[in-house]
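Participant: Provided herewith is a single structure, encoded as structure tokens, for subsequent inquiry.
The values are calculated or read from the model by the stated rules, or taken from the named source; none is laboratory data. In this text, all values refer to a predicted model and were calculated from it rather than measured experimentally. Note that we place each Cβ from the backbone using ideal geometry, even for glycine, and neighbour counts take in every protein chain shown.
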Amino acid sequence: MDGTIEVSYTVMCKNDVRIEITLSELLANEKILRTIKGEFAKGLRNIEVSTKEDVPVTLKTAKTIHTFTASKNDFADLLELAEEDARTHKRLKKECEGVELVDIRTID
């Protein structure tokens, strides 16, 4: 198989956060509700904030996506190649031990 692929990955760390809460849980918090009212309904009285759907809100660690190119023949070894690329560019720090593949795209 001739050609190359572009691989995107992020570095995984122990301190990464991913919390999912619903919008109704968020609006149940009095501090958040007060902030919303103060920002969007300043000076108004008897304001009620409600939602029609219970939409999930995700809080997660912002990640930088790194890319590299590889041969299509190396498809089976992409995870190892991504880890090697991260080590080469010194992206694996003290609390960061692995990589997560984000996207694999065929270039040609």
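Participant: For segment 43-60, name all the residues that are in a loop (DSSP other than H, G, I, E, B), surrounded by fewer than 10 Cβ atoms within 10 Å (Cβ to Cβ) and within 30 Å of the chain's Cα centre (by Cα). Spell out the reasoning first.
Facilitator: Residues of segment 43-60 that are in a loop (DSSP other than H, G, I, E, B), as a first pass: 43-55.
Those still in the list that are surrounded by fewer than 10 Cβ atoms within 10 Å (Cβ to Cβ) too: 43-46, 48, 50, 52-54.
Matches in segment 43-60: Ser50, Lys52, Glu53, Asp54.
Participant: Which members of segment 4-42 meet the condition of being farther than 12 Å from Thr61 by Cα, surrounded by 14 or more Cβ atoms within 10 Å (Cβ to Cβ) and assigned by TED's automatic domain parsing to the domain that holds Ile107?
Facilitator: Once the filter is applied, which keeps residues that are farther than 12 Å from Thr61 by Cα, surrounded by 14 or more Cβ atoms within 10 Å (Cβ to Cβ) and assigned by TED's automatic domain parsing to the domain that holds Ile107, segment 4-42 yields Thr4, Ile5, Val7, Ser8, Tyr9.
Participant: Can you name the residue in segment 78-95 that is at pLDDT 90 or above and of a type in the set (A, V, I, L, M, F, W, C) and is also nearest to Asn15 (Cα to Cα) among such residues?
Facilitator: Once the filter is applied, the top-ranked residue is Ala86.
Participant: Continuing with this model, one more query. Just to be sure I understand the filter: pairs with C-beta atoms under 9 Å, separated by 6 or more residues or on different chains, first member in segment 44-60 and over 30 Å from Asn15 (Cα atoms), second member assigned to a loop (DSSP other than H, G, I, E, B). Which pairs pass?
Facilitator: Ile47/Ala41; Val49/Ala41
Participant: Answer yes or no: is there a residue in segment 61-84 that is under 23 Å from the mean Cα position of the chain (by Cα), among the aromatic types (Phe, Trp, Tyr) and surrounded by 10 or more Cβ atoms within 10 Å (Cβ to Cβ). Break it down into steps so the answer makes sense when it comes.
Facilitator: Within segment 61-84, the subset under 23 Å from the mean Cα position of the chain (by Cα) is 61-69, 78-84.
Next, from what is left, pick out any that are among the aromatic types (Phe, Trp, Tyr): 68.
Filter once more, so that each one left must be surrounded by 10 or more Cβ atoms within 10 Å (Cβ to Cβ): 68.
Yes, segment 61-84 has at least one match.
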